[in-house]
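What follows is one structure encoded as structure tokens, with my remarks underneath.
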Amino acid sequence: MDPASPSPDGAAHNAHFDAEANDRFREALAEPTDNADEALAREAVSRAVAGADAGDLSRAATHFEESVNLTRDERVLFLGFQFAFRTSRLELAERFARRRIDVAANDSAVAARAWSNLGLVLHARGAWDQSEQAQHRALEIDRRIGNLEGVARDLGNLALVPESRGDLDEAERLNLESLEIAERLGASSIIATKLANLGDIAHAKGRHAEARERWTRAAALFRELGKSAWLRDYERKIASLDAENRS
């Protein structure tokens, strides 16, 4: 298969790139460019994808790094962010997120998503105050432009900060608000992750029957969406809870 085109199959590929990132990168590749830097960036990212699919994550990271300052195409930057974040290369993920903020129109869904992505990186790095600020920035943009799916996503990501601080009530409130919007929109992927998160919070609060119900609904959606890693994780949680209740 042409290495310039992300493989649609394979566990290694699916662990590092989701369907959205794949499709948007293919879209970028299909558009002709006369810009030498953009052409070099696309070539570097194509080599990076091939390296990731082959299991050579160091080679993939090197090629992704080559692309960060060359491209102004947010679709290419999103693919790079996703790889870096999913492989815990948080410094590289932050570079991709900040570059995407730089190239995005100020009041746009792309800018909001980039701020939210930056918030996720900062949360993973333990910079909770900065993460919260970035997620609020994303939420403000999405609310201003009426991007309800973005609002639902931002609220869920924002909930990570109070959850990490031990404020489960606030984390639950934010996740419930996110879930309500996602259900109105029929945004299955967001619904699934919010049900999973709310199940985790219910379990932590000792509400085990509620946790099982939410995890079961989340697992059904993960199965429908083909999110096998999430599905395995929550099937294990359900089985563990069932075993605990039998003991």
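Some points to look at:
- Dipole of the chain, positive end: most advanced residue of 82, 112, 241 [Cβ charges, Cα centre]: 241
- Alpha carbon convex hull of segment 100-247, volume per residue in cubic angstrom: 113 Å³
- Taking every protein chain into account, the accessible area of segment 162-238 amounts to 49 square angstrom per residue (probe 1.4 Å).
- On the principal axes of its alpha-carbon atoms, segment 29-134 has extents of 39, 33, 17 Å, going from largest to smallest.
- In nm, spacing of pseudo-spin labels at residue 225 and residue 106 (7 Å Cα→C-beta vector): 3.3 nm
- In sequence order, segment 213-226 has phi-based couplings of 4, 5, 4, 5, 5, 5, 4, 4, 5, 4, 5, 4, 7, x Hz under the Karplus curve 6.51 cos²θ - 1.76 cosθ + 1.60, θ = phi - 60°, and Gly or Pro positions carry x.
- Set of aspartates and glutamates with alpha-carbon distance to residue 237 below 14 Å, sequence-local pairs under 8 removed: 200, 210, 213
- The value of relative contact order for segment 170-217, using C-alpha pairs under 8 Å at least six residues apart, is 31 percent.
- Mean shadow area of the chain, taken as a quarter of the surface of its Cα convex hull (nm²): 13.8 nm²
- Among the protein heavy atoms of the chain, carbon and sulfur supply 48% of the accessible surface, probe 1.4 Å, non-protein parts ignored.
- Relative to the current alpha-carbon distance between residue 205 and residue 233, full extension at 0.36 nm per residue lengthens the span by 8.1 nm.
- In a reduced charge model with +1 at each Lys and Arg Cβ and -1 at each Asp and Glu Cβ, the chain shows a dipole moment near 540 debye about its Cα centre.
- Taking 0.36 nm per residue of separation and subtracting the current Cα-Cα distance, fully stretching the chain between residue 34 and residue 136 would add 33.0 nm.
- Efficiency of FRET between residue 62 and residue 86 - r from beta-carbon atoms, R0 22 angstrom, step 0.05: 0.85
- Contact order relative to length of the chain, as percent, for alpha carbon pairs under 8 angstrom and 6 or more apart: 10 percent
- Solvent-accessible area per residue for segment 30-94 (1.4 angstrom probe, square angstrom): 44 Å²
- Euclidean distance between Cα centres, segment 51-70 to segment 168-240, Å: 33 Å
- For segment 180-247, the fraction of alpha-carbon pairs lying more than 15 Å apart is 49 percent, rounded to a whole number.
- Ranked by the mean number of other Cβ atoms within 10 Å of their residues, highest first, the peptides 46-59, 152-165 come out as 152-165, 46-59.
The values are calculated or read from the model by the stated rules, or taken from the named source; none is laboratory data. The structure presented is a predicted model; accordingly, all values stated were derived computationally and were not measured. In this analysis, Cβ positions are derived from the backbone assuming ideal geometry, glycine residues included, and neighbour counts consider all displayed protein chains. What goes into the accessible areas is simple: the full protein's heavy atoms, side chains included, and nothing from ligands, DNA or RNA. Shrake-Rupley method; radii C 1.70, N 1.55, O 1.52, S 1.80 Å.
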